[in-house]
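Quick notes on the structure that follows.
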Amino acid sequence: MTVKKYKQLTIYDIYFDEERKLLKPEKANISKKVREGYINADWFRKTLFNATSTGACIKYKKPKSIFNQNGIEILVSHSLNQKHADVLSILYTDNLRFKKMKLKDDGSFYIYTSLYHIAKKMGYKTPKGAVHRVKSLLNDLRDTDFIIKKKIPNHIDKYDEIKTKILGDSEYSNLDESYRVVVGGKSARVLAMSVAVRIDKALNEKIVAIPDNRSKIKALIRYILSNQSSKYGYTLERIFERYNIGQKPTKNVSQELKKKNDAMNRKDKSVYRNQLREHQKLLEELNIRFDEEEQKIYYKQHNLISFDMGIDPVLIMAQNEANGTDKYIGKWIKLQDETLAKITNIEELKDNKLSVDFYIQLEDKKGKIKSISREELEDLFDEHLNEYYGV
């Protein structure tokens, strides 16, 4: 018997294959997250959005790394700011018509919204006249690549890599009488595998309403709320470094420049402390506390902010391969001894999460129980149990 050889596809190859239909756990996870207003927590945990509110969306010469730790690197292709974060948070939090739509087989879906509604929440004095600004921000998000690279175990220089768009195209739908934004299948699968955060609609509105000249406060709040609370808190120096506050160089420079930069650094840090005091009421509403004596920021988990864990692509890959056997059950096949037998059961055998095999049970016309191997079954049908593994 000839044994077929398979090329080894990676977890991401299978998980993000857009021809693969979503499995029930994936559909349930994405549907819940979108229906209840969850958004990818990594968008706020990492520095996807700069702590500014102005500046053009510029494409980097090469994708900018915003996270690189424990074998996982996240990169982004364009510079985005807190205005982009405002639009994205409103889209997911205020999705108007999720109940009227269904996920497509590849996971893609529409978010329904109103550009006027977004502009009004963002504080524009004349929302109707600011619709074009919102559309421009949506286009920036559509053009921006969100790239995840994960090191493949036991390989020094090999990575799984997936590139998705944060958003897809957007348009007004006459049929739905609403503006709608596409979230592509790959982006939906990223949402499924990621930890997502749900911020109460009213709380999100208060964050969005923070003035543009306090964008570093807004960025800080989003960063803290997208993480689980910790009794250790965040040192102010850590926040200063994260948002480039008071970080002008003081080493390997002239004494005159060092003196000037020292003074400017002290001033910048002092201004930020004052901004924290200025927003004390809002911070308290969000369970965020600035301890001036310790120079630390503490956060107690807010009951209107929740998290939803992601699906493990390894388990999805294994289940996907197992599901590929369903089409064989009930079929009659001719065995190598020329006798006919009907497939009555195919059981999944797993040595570990990455190794999936099958036990195939058959019954001949006399009612005798037989079994064959996966390789024999594939040879007899001249096809693969799982079409996502190529020859």
Going by C-beta contacts inside 10 Å, put Met122, Met264 in order with the fewest on the left. Met264, Met122
With a Förster radius of 56 Å, plug the Cβ-Cβ distance of Arg238 and Lys366 into 1/(1 + (r/R0)^6) and report the FRET value to the nearest 0.05. 0.15
Among the listed pairs Lys27/Lys186; Lys163/Lys216; Lys64/Lys218; Lys32/Lys64; Lys231/Lys281; Lys64/Lys248, give every one whose C-alpha distance is greater than 24 Å. Lys163/Lys216; Lys32/Lys64
Simple spin-label estimate for Gln255/Lys267, 7 Å along Cα→Cβ, in nm, reads 2.2
Using a 10 Å cut-off around each Cβ, can you sort Ser215, Ser270, Ser114 from fewest to most neighbouring Cβ atoms? Ser270, Ser114, Ser215
Just need the Rg to Rh number for region 165-323, please, alpha carbons only, Kirkwood Rh. 1.10
At most 15 other Cβ atoms within 10 Å and a DSSP loop assignment: could you name the GluC sites (Glu not before Pro) in region 17-117 that fit? Glu18, Glu19, Glu36
Can you classify region 229-300 as rounded, prolate or oblate using the Cα gyration tensor, where a ≥ b ≥ c are the square roots of its eigenvalues, rounded means a/c under 1.5, and otherwise it's prolate if a/b beats b/c and oblate if not? prolate
Tell me which residues come under 5 Å, amide H to amide H, from His78 once H is placed; ignore anything under 5 positions away on its chain. Tyr60, Asp145
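Laboratory data are not the source of any read-out in this text; all were calculated from the coordinates shown. Computed from a prediction, not measured in an experiment: that's the story for all the values here. Cβ sites come from the backbone with ideal geometry, for glycine too, and all protein chains shown count toward neighbours.
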